[in-house]
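No value in this document is a laboratory result; all are computed from the given coordinates. As the structure is a prediction and not an experimental result, all values here were calculated from the model. When we count neighbours, we look across all protein chains shown, and the Cβ atoms used for this are built from the backbone with ideal geometry, even at glycine.
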Amino acid sequence: MSTEFVSTTVEQMEADTARLYETAQKVGIDTWQDRVKNQTPHCKFGDQGICCRICSMGPCRITPKAPKGICGATAATISGRNYLRHAAAGAATHSDHGRECVWKLYDSSADGYYHVTDSTKLLKLAAEWGVETEGRDIYDVAHEVAEIGLNEYGKIKGFQRWTNRATEERQQKWDAAGIRPRAVDREVVASMHMTHMGCTADHKEFVRQALRVGLSDGWGGSMAGTEMSDILYGTPMPRDTEGNLGVLDKDMVNIICHGHDPAVSEMIVQVAETREMQALAREQGAKGINIVGLCCTANEIAMRHGIKMAGNFLQQENALLTGVVEAICVDVQCIFPNIGPLSECFHTKFYTTSPIARIPFSTYLHLTSENAGEVAKQIVTEAIENFKNRDESKIFIPEHKHKATVGYSCEGIKSRLDTVTNSHLDDLDTYRPLIECVRSGVIRGAVAMVGCNNPKVRPDYSHIEIMKKLIENDIVIVATGCAAQAASKAGLLDKASKVLCGEGLRRVCTLADIPPVLHMGSCVDISRMMLLVTGIAKDWGIETTQLPVVGCAPEWMSEKAVSIANYVVATGIDTYLGIDPLVSGSEQMMDLITNGTTEWVGAGYHINTDPDQLVQEIIAGIEKKRELLGI
Ligand code: XCC
Ligand code: SF4
């Protein structure tokens, strides 16, 4: 039994943050801690979702004395509109990232910068979509698949073809509730239209449309992002890496890739590996080039290349405050604008690469399919040449880091399960071994831990303490996004962390040689989780709503998370939130999202801002599902 494992505590992480905060003070830059203080207390109306500023008769705010806006909108209408706009923005964001991935497949060629890496996955998708593959050049197939994929965003008739992958029962439910998603762009536009002044006022319809626009993301745009990324860059399989700020290396040229779309980071990784760049780094006195990731970009390149992960959302300023980052290169989403002024306080070069995320104090290099290699080469070269410009007096790298095994795509999970089946007696490539463990109670159930950091709760504490409690109770975890990063910082992606598990889960971890928290990727990869629960439900022969599986976003902050929560619930998975979804100013809205959606889709939200109570509710929820199944 591995005796050595010691998890890094939240207190230790906070001590590292405090030390780096001293550097921030020294160089004269604010960080999120300062800005949280300045913004506290938050506006009560905004917090409760009852401030409306969608027309210029307003802004209108709901109070006991003023229960309606000037047009007559009630608290339910106003908070419902705000809620749907969040969901629509989130769906747009994920889906547009997905669309960029499909474009890269459309632009792919044997001699260009973007290639087909997983041709098996491409051919499978082609078959699913009825694209002829016999005797055709793989790039012809890729381009036809990509064109169909792109058309899904704006198709004039019919529903997202990705939804055909769901269970029969889900598809029927979605049709019955009128929420099967049409074109992604249409669902987003319809949401904006519905929430314009003077359109829908019935809060129920905002929630219904939020489910629909969410589904256009999870079973549309995000799924496209995941599938196309796998085809282009390879389907992730379990591999080893490391996580937390200790992965930054004093003797190497450190380049951070931050954001979401792997099109940029994949190129940086490729270029940095070339002999030419390695030699240049040594010429400049460095031992080599250390590419590390932040946020979901970290998840993408860790899963496919074993690139190290510097951390999650609220760690982005910390990473630069170490003083050893030669360059930070970002694509889209979750990038603090403060990275601009912060990088100016150090030698760090800051590159933006997408017209979607233009940020002051950065060098903008618009990366396209045609110039990707050159842009990446410029960034890596300039980073290397910047190595000599470090200011020794500003350097501090926290030591903490953990081993991490990442890359549990559905294919990766099945590959592990295949190792524990008796290949003579059982079918391979199924979830049955996992289902057997759950039925017998060796594992009680599974939780999908997802989402961001949010200073409204103690950062990372909610993620880590909830995960520890769950694995102690024999509940296996699949994680994406910044939740997965939190797990990596605490060592929960290290196989040795099985010592923290209950007896049953520990045995499974040993047999299947897995950590108790399975890293499934970035936030668009929550589409993998949807396929996972669908696959398990089909192999088990029950509905998704019956599975002892729930979702949990204890520290979510982004509009994307609202979209995610909507499609997870619409897929029949109860979702536990540790942050209020900004509608508490309307009892009707609160009732609808916690109870009302159950009528349509068989699942809803459970909201509790106390992580210790939230985890107890999750465990009770899973046990309840087991009881109903009679297991
Ligand atoms: Fe962003 Fe995806 Fe949230 Fe992390 S978890 S803060 S959205 S990076 Ni998606
Ligand atoms: Fe006020 Fe109605 Fe205009 Fe909103 S839409 S700002 S509630 S008048």
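With no solvent and one point on each alpha carbon, what is the Debye value of log10 I(q)/I(0) for the stretch 561-613 at q = 0.26, 0.28 Å⁻¹? For the stretch 561-613 at q = 0.26, 0.28 Å⁻¹, log10 I(q)/I(0) is -1.07, -1.17. Once the Cβ-Cβ distance of Asp539 and Ile356 is raised to the sixth power relative to R0 = 41 Å, the FRET efficiency obtained is 0.60. Between Phe5 and Thr419, the C-beta separation translates, for a Förster distance of 30 Å, into a calculated FRET efficiency of about 0.85. Couplings 3J(HN,Hα) for the stretch 536-547, derived from phi with the Karplus relation 6.51 cos²θ - 1.76 cosθ + 1.60 (θ = phi - 60°), are 5, 4, 5, 5, 7, x, 10, 8, 4, 5, 8, 5 Hz, where x marks Gly and Pro. When only alpha carbons of the stretch 134-241 are considered, Rg and Dmax amount to 16.9, 56 Å.
The Cβ shell under 13 Å around Arg170 holds other residues with a net charge of 0, Lys and Arg each +1, Asp and Glu each -1.
Computed FRET efficiency, Cβ-Cβ of Ala177 and Asp111, R0 51 Å: what is it to the nearest 0.05? Walk me through the numbers on the way to the answer.
Working: r = 48 Å, r/R0 = 0.94.
So, using R0 = 51 Å, E works out to roughly 0.60.
Projected over every direction and averaged, the convex hull enclosing the alpha-carbon atoms of the stretch 494-631 yields 9.3 nm². Restricting the count to DSSP beta bridges whose residues both fall in the chain, what percent are antiparallel, rounded to a multiple of 5? Of those bridges, close to 15 percent are antiparallel. Counting only Cα atoms, the stretch 434-577 measures 38, 33, 20 Å along its principal axes, largest extent leading.
Would you please calculate the Kirkwood hydrodynamic radius of the stretch 45-117 over all C-alpha pairs and express it in Å, rounded to one decimal?
Values: mean 1/r = 0.0660 Å⁻¹.
When all Cα pairs of the stretch 45-117 are included, the Kirkwood radius is 15.2 Å.
The stretch 379-425 gives an Rg/Rh value of 1.38, both radii derived from C-alpha positions and Rh following Kirkwood.
Listed by Cβ neighbour count within 10 Å, with the fewest neighbours leading, Met57, Met309 appear as Met57, Met309.
Annotation: amide H of Thr363 within the under-5 Å range of Phe350, Tyr351, Thr352, sequence separation 5 or more or interchain, hydrogens built in the peptide plane.
Evaluated over the stretch 228-383, the count of Lys pairs having alpha-carbon atoms less than 18 Å apart is 5 (only pairs 8 or more residues apart or interchain). Relative to the 2.2 N^0.38 Å rule of thumb, the stretch 492-567 has a C-alpha radius of gyration ratio of 1.28. The residues Tyr567, Tyr153, when put in order of fewest to most other Cβ atoms within 10 Å, stand as Tyr153, Tyr567.
Ratio to report: Rg/Rh of the chain, with Cα atoms as the point set and Rh obtained by the Kirkwood method; give two decimals. Dividing the radius of gyration by the Kirkwood radius yields 0.95.
With the simple model of a label 7 Å out from the Cα in the direction of the Cβ, Asp140 to Glu276 spans 3.4 nm. With a simple spin-label model that places each label point 7 Å from the Cα along the Cα-to-Cβ direction, the separation between Glu374 and Asp34 comes to 4.0 nm. Extent along the principal axes, Cα only, for the stretch 202-265: 60, 27, 22 Å, with the longest axis given first.
Per the Debye calculation on the stretch 244-323 with a single equal scatterer at every Cα and no solvent contribution, log₁₀ I(q)/I(0) for q = 0.12, 0.20, 0.22, 0.25 Å⁻¹ amounts to -0.31, -0.85, -0.99, -1.19. Rounded to the nearest angstrom and listed largest first, the equivalent-ellipsoid semi-axes of the stretch 303-414 from its Cα gyration tensor are 24, 21, 14.
Could you list log10 I(q)/I(0) for the stretch 79-149 at q = 0.15, 0.28 Å⁻¹, which the Debye formula gives when each Cα is one point scatterer? Here the Debye-derived log intensity ratios amount to -0.57, -1.24. Length gained on full extension, Val27 to Asn151, computed as 0.36 nm times the residue gap minus the Cα-Cα distance: 39.7 nm.
P(r) tail for the stretch 112-159, what percent of Cα pairs lie past 18 Å? More than 18 Å apart: 31 percent of the Cα pairs in the stretch 112-159.
Beyond 13 Å, how much of the Cα-Cα pair distribution for the stretch 284-329 remains, as a whole percent? Looking at the stretch 284-329, the distances longer than 13 Å represent 56 percent of pairs. Here the residues Lys308, Lys65, ranked from fewest to most Cβ neighbours within 10 Å of their Cβ, fall in the order Lys65, Lys308.
Kirkwood Rh over Cα pairs of the stretch 83-199 into Stokes-Einstein at 10 °C, 1.306 mPa s: D in µm²/s? Don't skip to the end; give the middle numbers.
Numbers: Rh = 16.0 Å.
Reported coefficient: 99 µm²/s.
The radius of gyration of the Cα set in the stretch 162-316, together with its Dmax, comes out at 21.4, 66 angstrom. Once you divide the Cα radius of gyration of the stretch 414-455 by 2.2 N^0.38 Å, the number left is 1.60. Would you mind counting up the charge near Lys456? Only other residues with Cβ under 15 Å from its Cβ, with Lys and Arg at +1 and Asp and Glu at -1. Overall, the nearby charge balance is -1. If you look at the Cα atoms of the stretch 393-499, you get an Rg and a Dmax of 16.6, 64 Å. Considering all C-alpha pairs of the stretch 1-156, those separated by over 23 Å amount to 68%. Karplus-based coupling profile of the stretch 367-378, in residue order and whole Hz: 8, 10, 4, 7, 10, 3, x, 5, 4, 4, 5, 4, with θ = phi - 60° in 6.51 cos²θ - 1.76 cosθ + 1.60 and x standing for Gly or Pro.
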